[in-house]
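The values are calculated or read from the model by the stated rules, or taken from the named source; none is laboratory data. The structure displayed is predicted, hence computed values, not measured ones. Ideal geometry is used to build each Cβ from the backbone, glycine not excepted, and the neighbour counts take in all protein chains shown.
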Amino acid sequence: MYSPQLRCFALTLHYYSPRAYEFVRDTFKSCLPHPKTLISWYRSVDGEPGFTAEAFQAIKEKAAVTKQKIVFSLVIDEMAIRKKLEFDGKRWHGHVEFGLTANEEKIDDTMEEAKDALVMMLVAINAPFKVPVGYFMTSGVNAEMRASLVKNCLELCLESNIEVVSLTFDCTASNMSMARQLGCDIENLKVDFPHPANKEKTIYVYPDPSHLIKLLRNTYGEKRELMHGGNKILWEVIKKLEELQSLEGLRAANKLTKRHIQFYRHKMKVKLATQLFSRSVADALEMMQEGGNEEFEGAEETIKFIRFFDKLFDVCNSKHIRQLGWKKPINKDNWWEVSKFFDEADAYISELTFMEGGKEKKIVKSNRKSGFQGFRACMKTLTHLYQNLCTGPNPTLVYLPTYKLLQDHLELFFGQIRGKGGYNNNPTPRQFKAAYKKTLLHMALKDNGSGNCIPLEKIGILTCSSSKIINNTSQEWGNGTGREIEDFNDIPEDHDYVLGAETITEFSEAIVEYVAGFVARRLTKALKCSACTTALTDARRGFQLIDKKDRGGLVRPSRECLRICLKSEKIFRRFLAEGNGRIDGEKLIPIRLAHTVLKTLNLRLEFTSLDEHSLNQDLMYSHKIHLINSIAELYFRTRVHHVSRHYLNSALSTRMYMNKLLLFKGM
């Protein structure tokens, strides 16, 4: 007999790599089960197309040992698979298969080759687990069949005492038609339908916000100009911001790149849409407008448009009650504020227009309404769910974590399925079946984020377990032996730069000020000398970008720290110019560049407040020298890190684009 912990470890390791499993088993003298034993464990799960009885039984047992009532969200989506017929010695795999319905009646299959796997997953809203409950090999499913499968799933859930409160899907044409078959009409904001087996219960539909934000971006980017109340929402100002940042070589604390502007090559990437509709982009546009830049005149409505959908997406993507601002889940403390924002957002969206055929037309009445009406439907569904689950004398939930309603959980599951094939991210039907069966067993699988979303919260499949070791280190000045400052490789994503010109303009200077604040904050945490850390920061105002971005946590650099960072930026640009914009591995080494800064500065004029502090110290080990060197070195590490990322992203762009082409062509 093997313990549950050893079974979990064995199944997980074998899932990731059978060769690694054999190596560990041989090294530790067969302490792990033989692979044939694992195969016998896999046989306990059917894993064939259709609804998985073991999954429903697992949820039922999980709910039985839980004291609280668990409510679920049903999520459906399709994953592209490779068309291929395979014979395993007993039967053929690769045809369209639907398996059994809730009444254990087999749906007529066809001899057509399957190209998609339609998967259904239950996500516990108030518990940390999820489980796929069925899949179907398809070659295109009409709305009537989709609606029938959803009804069958809900009937099975009711038989297993599983309470489902919402249905999540993306706003494709087939899913919108499916919603109408169920009794909803998202375009007219009817977001609920009666439970097929219990008319007293109501199911609310929830269009996936991640898909909606992409639809909204596509409409905005293709129309180039939207309007609200006679004011123009211009795509051109966002494009000008990206061009300015590319020209200057620095980004105003946002993620905007050419990929965001030329999105048509990366339409599946959710992060490109969310980074476009972000507070950081709105802050950058506002900074340029307040700075008197003529190219950004009239950008007020564009800024308002971006901020509205940034807030709305945050509300639809909340996770834990300890989060702040609009990312905090809906609860009794913020419900009045959220409901007021919902009313404002609903009115705002309904008044958006664009020009079509020489006439001004409301978007919610046009053929591009899906994304906009979808967000209005999301707000209405969240209102109903909060009132039903979080209010009343005996509320089921204390707060509503809207992240649990998203389609991300199914996308991450698809990432695990694709990861099973190694480099082959387009599995055949037979490979999909094998991976599906293995994931239903007790395994500690981590979401690898290889889909078109990233894992924001640890939500395991059934009883997922994993651990994370955080290693905290402290840095300290040496007493006559020099100093070591390490661990500066985890540069935050907020600081992202590309190549640019040599001159330091007012725009570039504002960004260098922002980075100097980051450098001061990192060194303040790393160093133990109180006099040196005090000299790094200043409480004065007047920093253009820092004042715009500060929500209470940013650090303002001292004049000396800022001056050293500006000098470092000029030296960095000079070395880039000498290399014709290419990275020279010999020249662009942070330590060497930092020594160049020391040579060009008049050290007597820098950090004069530390003169007395360094008076009795050897010049070689002077705190002043080490502080200047540390500022320059950390600044150069930040710049070199992100210049390298720029080259890497450029190299991967074409390959990633072609990879998607191969995936959806089924080659």
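The condition of being among the hydrophobic types (A, V, I, L, M, F, W, C) and surrounded by fewer than 19 Cβ atoms within 10 Å (Cβ to Cβ) holds for only one of 303, 321, that being 321. Within region 267-283, the set of residues being touching a residue at least 40 places away in the same chain (Cβ under 8 Å) and not in a helix (DSSP H, G or I) comprises 267, 268, 269, 277.
Taking only region 350-394 into account, find how many residues are within 22 Å of residue 167 (Cβ to Cβ) and either of a type outside the set (Ser, Thr, Tyr) or part of a strand (DSSP E or B) (or both). Walk me through it before giving the result.
Applying the first criterion (within 22 Å of residue 167 (Cβ to Cβ)) to region 350-394 yields 369-391.
Still in the running and either of a type outside the set (Ser, Thr, Tyr) or part of a strand (DSSP E or B) (or both): 369, 371-380, 382, 384-385, 387-390.
Final tally of qualifying residues: 18.
Every residue, every condition in (1) over 36 Å from the mean Cα position of the chain (by Cα); (2) over 29 Å from residue 248 (Cα atoms); (3) at pLDDT below 70, yes or no:
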position: 599; (1), (2), (3): yes, no, no
position: 610; (1), (2), (3): yes, yes, no
position: 617; (1), (2), (3): yes, yes, yes
position: 623; (1), (2), (3): yes, yes, no
position: 631; (1), (2), (3): no, no, no
position: 639; (1), (2), (3): no, no, no
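State the number of residues belonging to region 358-403 that are among the charged types (D, E, K, R) and either within 12 Å of residue 186 (Cβ to Cβ) or not assigned by TED's automatic domain parsing to the domain that holds residue 345 (or both). Selection size over region 358-403: 3. Looking at region 1-102, the helices (runs of 4 or more DSSP H) lying wholly inside it that each contain 1 or more residues that are within 32 Å of the chain's Cα centre (by Cα) and not charged (D, E, K, R) sit at 4-16, 18-27, 53-64. In the set (1) surrounded by fewer than 19 Cβ atoms within 10 Å (Cβ to Cβ); (2) modelled with pLDDT under 75; (3) assigned by TED's automatic domain parsing to the domain that holds residue 638, residue 501 fails one condition alone, (3).
Among the residues making up region 157-177, those that are touching a Ser or Thr at 6+ places or on another chain (Cβ under 9 Å) and assigned to a helix (DSSP H, G or I) are 173, 176. Taken over region 284-299, the criterion of being over 16 Å from residue 232 (Cα atoms) and buried (at least 19 other Cβ atoms within 10 Å of the Cβ) is satisfied by 284, 287, 288. Among the residues of region 536-578, which ones are among the charged types (D, E, K, R) and either under 16 Å from residue 506 (Cα atoms) or within 34 Å of the chain's Cα centre (by Cα) (or both)? Listed by number, the residues that qualify are 541, 547, 548, 549, 550, 551, 556, 563, 567, 569, 570, 573.
Taking the conditions (1) closer than 20 Å to residue 212 by Cβ; (2) out of contact with any Phe, Trp or Tyr (no Cβ under 9 Å at 6 or more places or on another chain); (3) surrounded by fewer than 21 Cβ atoms within 10 Å (Cβ to Cβ); (4) not hydrophobic (A, V, I, L, M, F, W, C) in turn, residue 260 satisfies each one other than (3).
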